Amino acid sequence: MATPPPTGPLVTRDTLRTQLSELGVRPGETLLAHSSLSSLGWVNGGGVAVVQGLLDALGPEGTLVVPTQTGDLSDPALWGNPPVPPQWWAAIRTTMPAYDPRITPARGVGVVPETVRTWPGALRSAHPQTSFAAIGPRAAEVVEGHAPDCRLGERSPLAKLEAMGARVLLLGAGYASCTSFHLAEYRIPSPRVAVGRPGPDGWETVTEVSISSDRFDELGYDFERDRPVVRGKVGAAEARLFPVADAVAYAERWLAVHRPREEEFLDPPPLSAPLERGDPQV
């Protein structure tokens, strides 16, 4: 049986630059991008072309930021996609390599963030599970000071992006991928969890805010209904563009009403969505 032709449209670096500019991406701005490469169509050059197109649209004064999370650096007892046998847990904890921002690959966030992580001049934040990588003149400002006990809160790049007026680009990705909503979880009553991970001196446990993307799709629907969100197409992908600050402020009010959570300590902790070992978005 003959191999079917690839699904279009044909997308190139120039296509991406042009359509991102038409969408409203501005030269010189700071942009937090969540992306799905496969949603764009047939991209000539794959993730490299997407990063080139984004950087072209932002220009030399713009800064590109992506999530480079590492959900596999977590307690194997909580893994579910796929699980591992309980008799392996102790050995996995003992031998799991600690996070190294230079070499630890991103997991579960797609091809584009991993391409950004390895891009010449890219910088990466220090959190061992929810890091961000950035390229551009404000990259150091974005990623520095990411506290090891603050995944996506006030001492993370998200709060920096909010303060500097950055915008979010959902490029074929849905609102469930919108990390900016998580910053709101740190500003309302939220449970605390014990988070296990490999550290430089062996297995360690830190206390963290419990983060969850449960109902983020509903939150995004209401946000888009009530707030200005730029919508358009880039390649075959649905694209959305909006300020980080707007998303955080709206989520803070919405979550408090529609998804209230008791401020208590959860034990054992559930593995929250940004840290799942699930199938990566491609």
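The values are calculated or read from the model by the stated rules, or taken from the named source; none is laboratory data. Everything numeric in this text was worked out from a predicted model, so none of it was measured. Reconstructed Cβ throughout: ideal geometry from the backbone, glycine too, with neighbour counts over all protein chains shown. Please note that ligands, DNA and RNA were not included when accessible areas were found on the heavy atoms of the full protein model with its side chains. Shrake-Rupley method; radii C 1.70, N 1.55, O 1.52, S 1.80 Å.
Of the residues contained in the stretch 178-196, none is found to be closer than 16 Å to THR63 by Cβ and open to solvent by 30 Å² or more (accessible area, probe 1.4 Å). Selection of the stretch 187-204 for residues being part of a loop (DSSP other than H, G, I, E, B) and either among the hydrophobic types (A, V, I, L, M, F, W, C) or under 28 Å from GLU162 (Cβ atoms) (or both) yields ARG187, ILE188, PRO189, SER190, PRO191.
For the stretch 31-47, filtering for residues that are within 22 Å of CYS178 (Cα to Cα), in contact with a helix residue (DSSP H, G or I) (Cβ under 8 Å, 6 or more places away or on another chain) and in a helix (DSSP H, G or I) leaves 3. Given the criteria on the phi < 0 side of the Ramachandran plot and touching a Pro at 6+ places or on another chain (Cβ under 8 Å), does GLY174 qualify? Judged against the criteria, GLY174 is not a match. Of all residue pairs spaced 6 or more apart or on separate chains, those with beta-carbon atoms under 6 Å, a first member in the stretch 56-69 that is closer than 24 Å to ALA106 by Cα and a second member that is of a type in the set (Phe, Trp, Tyr) are VAL65/PHE132; PRO67/PHE132. I'm trying to understand the selection: among the residues of the stretch 125-144, which are open to solvent by less than 60 Å² (accessible area, probe 1.4 Å) and of a type in the set (Asp, Glu)? Once the filter is applied, which keeps residues that are open to solvent by less than 60 Å² (accessible area, probe 1.4 Å) and of a type in the set (Asp, Glu), the stretch 125-144 yields nothing. Selection within the stretch 125-159: residues that are closer than 23 Å to ALA176 by Cα and of a type in the set (Lys, Arg). The member of this set that is farthest from the chain's Cα centre (by Cα) is ARG155. Scanning the stretch 213-224 for residues that are touching a Lys or Arg at 6+ places or on another chain (Cβ under 9 Å), part of a loop (DSSP other than H, G, I, E, B) and at pLDDT 60 or above turns up at least one hit. Against the numbered list (1) part of a strand (DSSP E or B); (2) within 19 Å of VAL195 (Cα to Cα); (3) not acidic (Asp, Glu), VAL65 comes up short only at (2).
Condition check for GLU162 on (1) assigned to a helix (DSSP H, G or I); (2) within 13 Å of the chain's Cα centre (by Cα): one failure, at (2). ASP72 meets each of the listed conditions (1) of a type in the set (D, E, K, R); (2) more than 19 Å from GLY235 (Cα to Cα); (3) modelled with pLDDT of 95 or more apart from (3). Among what's in the stretch 93-124 and is of a type in the set (Ser, Thr, Tyr), free of Cβ contacts under 8 Å to residues at least 40 places away in the same chain and part of a loop (DSSP other than H, G, I, E, B), pick the residue that is surrounded by the most Cβ atoms within 10 Å (Cβ to Cβ). So the residue we want is THR104. Looking at LEU171, LEU152, just one residue is of a type in the set (A, V, I, L, M, F, W, C), part of a strand (DSSP E or B) and either touching a Phe, Trp or Tyr at 6+ places or on another chain (Cβ under 6 Å) or crowded, with 24+ Cβ neighbours inside 10 Å (or both), and that residue is LEU171. Inside the stretch 224-262, residues that are open to solvent by 10 Å² or more (accessible area, probe 1.4 Å), of a type in the set (Gly, Ala, Ser) and under 17 Å from the mean Cα position of the chain (by Cα) make up a count of 1.
Let's see how each residue does on (1) of a type in the set (Lys, Arg); (2) out of contact with any Cys (no Cβ under 6 Å at 6 or more places or on another chain); (3) under 23 Å from ALA134 (Cα atoms):
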| site | (1), (2), (3) |
| --- | --- |
| VAL11 | no, yes, no |
| ARG17 | yes, yes, yes |
| GLY28 | no, yes, yes |
| SER36 | no, yes, yes |
| VAL43 | no, yes, yes |
| GLY46 | no, yes, yes |
| ALA49 | no, yes, yes |
| GLY53 | no, yes, yes |
